[in-house]
Amino acid sequence: MIIPGMNDVEQADLESMGVLVPEGVYLCKVEEAEEGTSDNQIPFIKFTFLITQPQEYAGKKLFDRVFFSQASLPFAKAKLAALSYDTSSAREFQPEQMKGRGVMLNVTHEQRFNKDGLPRTYATVTVWRKVGEGAPVPAVNQPANPDDDIPF
């Protein structure tokens, strides 16, 4: 392996790695949308959102998926409506039609175990709203650190 030259690469802020955004409401825009299929062969769109407000969290990313099983269609319709995406007729998925769309996202924290069986706190997107429905405000002032409960 050859380690490439990185003169033109911006250095990452290692202090912010692993820090969750606080629970709250965030104004975001779709940075990326890509299609996929779950292990159960259910089609989905994976969204990557870029927080734009509140300003202190601007640039952080959130992720969510929209599944298209028969049972999840009402949720898919509601989420896509929050992006002002017309769901009145079937059509081919075009990622570029999603990019840049604004949405208000509610974020909560959820305690789960990771793939190695270690306890973790995850930021979970729970509600999508159209831009303008609720102010972008985190619920707490300090971001949670997912490793606070691990004694090492």
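No value in this document is a laboratory result; all are computed from the given coordinates. This structure is a prediction, so every number in the text was calculated from the model and none was measured. Cβ atoms come from the backbone with ideal geometry, glycine included; neighbour counts cover every protein chain shown.
Overview of values
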read-out	value
Flagged links, alpha-carbon separation over 23 Å, of K29/K60; K29/K115; K77/K115	K29/K115; K77/K115
For region 88-98, 3J(HN,Hα) per residue [Karplus equation, 6.51 cos²θ - 1.76 cosθ + 1.60, θ = phi - 60°, Hz, x = Gly/Pro]	6, 9, 6, 7, 5, 5, 10, x, 5, 6, 8
Relative packing of 121-127, 67-73, 89-95, which averages over residues the other C-beta atoms within 10 Å, highest first	121-127, 67-73, 89-95
L50, L105 arranged by Cβ crowding within 10 Å, fewest neighbours leading	L50, L105
J(HN,Hα) series, region 70-78, from Karplus relation 6.51 cos²θ - 1.76 cosθ + 1.60, nearest Hz, glycine and proline x	4, 5, 9, 4, x, 6, 4, 4, 5
Protection proxy ranking of 54-64, 32-42 - average other beta-carbon atoms within 10 Å, highest first	54-64, 32-42
Approximate spin-label separation V127-E31, in nm, with each point projected 7 Å along Cα-to-Cβ	2.5
